[in-house]
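What follows is a set of notes on a single structure, which appears directly below.
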């Protein structure tokens, strides 16, 4: 058993000045138990805690680190820019360069603005949609996460199923401005538009649902959203904070043959620094131009450190063969996990797209389709699995409702070692919970 006494001590001290000792709740490890990890340093595919324990990292800062930790090109770009200034309160050539490159990568967008987080990006995109349409209603999907602004955390009681990210402090009027639909439920979505269509400002969706584990869109689902938005005059917002630049150079909307009105980016485009961006057709983006209807501002928006890191990251990802290699890594992990599951007689399904995957912790070989399906999983099994994996030297997301992230820094040895450890860890977790989940184990 690895010692995490120093981490535990630091978190105890931090808890007196920071709620739960962390500035983002999942870092407290409340969903998986055990002592939270306090990081000391990270490089490539590994992260080392203050106790000296090293973990092969499949959390990857919740997907922000497609290139791994402390990538040399990015460290160099940040270091060089820091010597020239960390923030100007002015625009810079780096901002113009990154904007031009992202727009060129994704034909669906014509203009872009940078902010400091995915939350800000989505918040502003929804504000543009409401200003453009003169309507208030937002359609979003149960289980999806689009940041912690009031509108995107709103949870009307009419949504059905289990919702997530519920928060007090949101006005009832904001809750009434949201309609929830189950992800992939085309019949429900059609019914929502029949009832509310002339009041809907926008539909916001993750092209691949990455905040409920990993749920793939059903064939025709995204096309239906586009059709209904066109039919009723609503805007279609593609939330690509996680998916943008993960599977291809640009937004995945391009490879999906979907033409959204607005697209949000984050995570990867910052090269591991704080970033967000909202982009879209010029006629929608012009709402934030000076003197027009929507206000957005930010002291650190498009700060030069982030712009330098983002351009350096795009330099790496733009190289020929980069995404083919990421796909190859994903295939290596998939084959290794399926082999490990078979060897350990584990009845769980692993689903993957590119360098992103997820395990459905339930006794079914049917893919997860919605948050209703997600909530049928055995959360206690994941809790124990996470603890055993940490002891084996592998770090996963501290929630069953996050995917497995692969980075360019992961070697085949990393991927195969992770898969073998995952099979062993799940097997141990199933054995511990034999009485609670007898159906999962062979007779």
Ordering 349-362, 44-57 by per-residue average of other C-beta atoms within 10 angstrom, highest first, gives 349-362, 44-57
One computes Rg over Rh for the stretch 93-217 from alpha-carbon atoms, with the Kirkwood Rh, and obtains 0.99
Mean Cβ-within-10 Å packing, highest first, puts peptides 407-413, 342-348 in the order 407-413, 342-348
In this structure, the FRET efficiency calculated for residue 434 and residue 90 from their beta-carbon separation, with R0 = 60 Å, to the nearest 0.05, is 0.45
Counting only DSSP beta bridges fully inside the chain, the antiparallel percentage to nearest 5 is 60 percent
Among the Cα-Cα pairs of the stretch 211-295, the proportion with separation greater than 18 Å, in percent, is 52 percent
FRET efficiency (residue 318, residue 391; Cβ distance; R0 41 Å; to 0.05) is 0.60
Once both label points are put 7 Å beyond Cα along the C-beta direction, the residue 364-residue 342 separation in nm becomes 2.4 nm
So for R0 = 45 Å, FRET eff. of residue 16-residue 104 from the Cβ-Cβ r, to 0.05, ends up at 0.35
Per-residue Cβ contact counts at 10 Å, fewest first, order 323, 88 as 88, 323
Here the Cα Rg-to-2.2 N^0.38 Å ratio for the stretch 249-298 is 1.33
Rounded to a whole number, the Stokes-Einstein D of the stretch 72-317 in µm²/s (Kirkwood radius over Cα pairs; 25 °C; 0.890 mPa s) is 134 µm²/s
Ratio for the stretch 54-112, C-alpha Rg to 2.2 N^0.38 Å, reads 1.46
Length gained if residue 6 through residue 282 is fully extended, taking 0.36 nm per residue and subtracting the Cα-Cα distance, is 94.2 nm
Relative contact order in percent for the stretch 72-317 (Cα pairs under 8 Å, 6+ apart) equals 31 percent
By the Kirkwood definition, with r running over pairs of different Cα atoms, the stretch 22-170 has a hydrodynamic radius in Å of 19.4 Å
At q = 0.09, 0.10, 0.11, 0.13 1/Å the base-10 log of I(q)/I(0) from the Debye formula over the alpha-carbon atoms of the chain is -0.58, -0.73, -0.89, -1.25
Note on the chain: contact order normalised by length, alpha-carbon pairs under 8 Å, 6 or more apart, percent, works out to 21 percent
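The numbers here are math on the coordinates, done by the rules we state, and not lab data. Computed from a predicted structure; not experimentally measured. As a convention, Cβ positions derive from the backbone with ideal geometry for all residues, glycine included, and neighbour counts pool all protein chains shown.
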